[in-house]
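Step one of this worksheet: look at the structure below.
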Amino acid sequence: MKLAVFASGSGSNFEAIVGAVHAGDIAGTVQVLICDKGDAFALERAERLCIPAYVLEPRKYGSKVEYEEAVLQVLRSYEVELIILAGYMRLVGDTLLSAYENRIINIHPSLLPAFPGLDAIGQAFDAGVKITGVTVHYVDAGMDTGPIIAQEAVKVEDSDNKEAVQRKIQAVEHSLYPKTVQHVIEDLGRRINQ
Ligand code: GAR
C-alpha cells in the first residue's frame, strides 16, 4: 500500500514508520512526507531516509481549500492510498477528508477522549492523572476526534516529571503506530476485496 506521512515537527513517528517498512513489518511504502512547516526536523529525517519531502505552507495559499488541493495534487502524483498523520498539528479540512474517506489516521499522546488538542502530555501531567497513554484513530473534521483504532496505557509514577512521561509516551508511540498502521492496511485490503 502506498503511504504518505504528514508531520509538522520532529518526525520521530515518521522515522519509526519508515523503519517498520524497512523491517518488513508494514506492507507498504512511504511514498512521500508532507510538511506544513519549512523548519520541521522531520525534513532532515526524510533526507537521511531518502523519502521525497514536500513543504506546503498554508499561509502561502489563499484558503484552506487551495492549500489542501495543492497537497492533494502531490498525493495523487504519488498514488497515495493511506495518509498517516504523525505530529501534523492542523485540522484536516473537507477537501482531504472527502478525497481520503476512512483513509486518514492520526496518533495522539493521550487516552482520548481525554486531553485532546495541544500539549496533551502537559495537560495530563498537570491534571495529575496516574494513567495516560496513546491513541490511534481515524480522522474526522474535529480536533483529535474520530473512531478509535488502538490505545495503549502509560503509567505515571509519582517520581516522573513531565519529560519522563513524554519519553514513555514516545516509546509507546514508536511501537504502537507502526503496528496499527499494519492493521489498518490489512483492514483496507479486506474492504477492497469484499
Ligand atoms: C507525537 O507525540 C504525537 O502523538 C503528537 O505530536 C507528537 C509528534 O512527535 N500529536 C499530537 O499531539 C496531535 N494532536 P514526532 O514529530 O516526534 O512524531
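Odds and ends about this structure:
- Residue count for the range 105-118, restricted to those that are within 15 Å of the chain's Cα centre (by Cα) and either more than 13 Å from the ligand (Cβ to nearest atom) or small (G, A, S) (or both): 2
- From L3, L75, residue being under 17 Å from I105 (Cα atoms) and touching a Ser or Thr at 6+ places or on another chain (Cβ under 7 Å): L3
- Flag if E101 is away from the ligand (no atom under 16 Å from the Cβ), under 23 Å from V184 (Cα atoms) and in contact (Cβ under 8 Å) with a residue 60 or more places away in the chain: no
- With respect to the conditions (1) free of Cβ contacts under 8 Å to residues at least 24 places away in the same chain; (2) under 17 Å from A86 (Cα atoms); (3) buried (at least 17 other Cβ atoms within 10 Å of the Cβ), A171 falls short on a single one, namely (3).
- Among the residues of the range 119-143, the one identified as assigned to a loop (DSSP other than H, G, I, E, B), more than 12 Å from the ligand (Cβ to nearest atom) and β-branched (V, I, T) is V129.
- Hits in the range 71-95 (condition: within 16 Å of the ligand (Cβ to nearest atom), among the aliphatic types (A, V, I, L, M) and either free of Cβ contacts under 8 Å to residues at least 12 places away in the same chain or surrounded by fewer than 17 Cβ atoms within 10 Å (Cβ to Cβ) (or both)): M89, L91
- Filtering Y78, Y54, Y61 for residues that are over 17 Å from the mean Cα position of the chain (by Cα) and under 22 Å from M1 (Cα atoms) leaves a single hit, Y78.
- Of all residues in the range 144-194, those being on the phi < 0 side of the Ramachandran plot and assigned to a loop (DSSP other than H, G, I, E, B) number 9.
- Flag if R59 is more than 21 Å from V92 (Cα to Cα), away from the ligand (no atom under 12 Å from the Cβ) and basic (K, R): no
All of the numbers you see were taken from the coordinates with simple rules; none came from a lab. Please read these numbers as outputs of a predicted model, since none were measured by experiment. Positions of Cβ are backbone-derived with ideal geometry, glycine not excepted, and every protein chain shown enters the neighbour counts.
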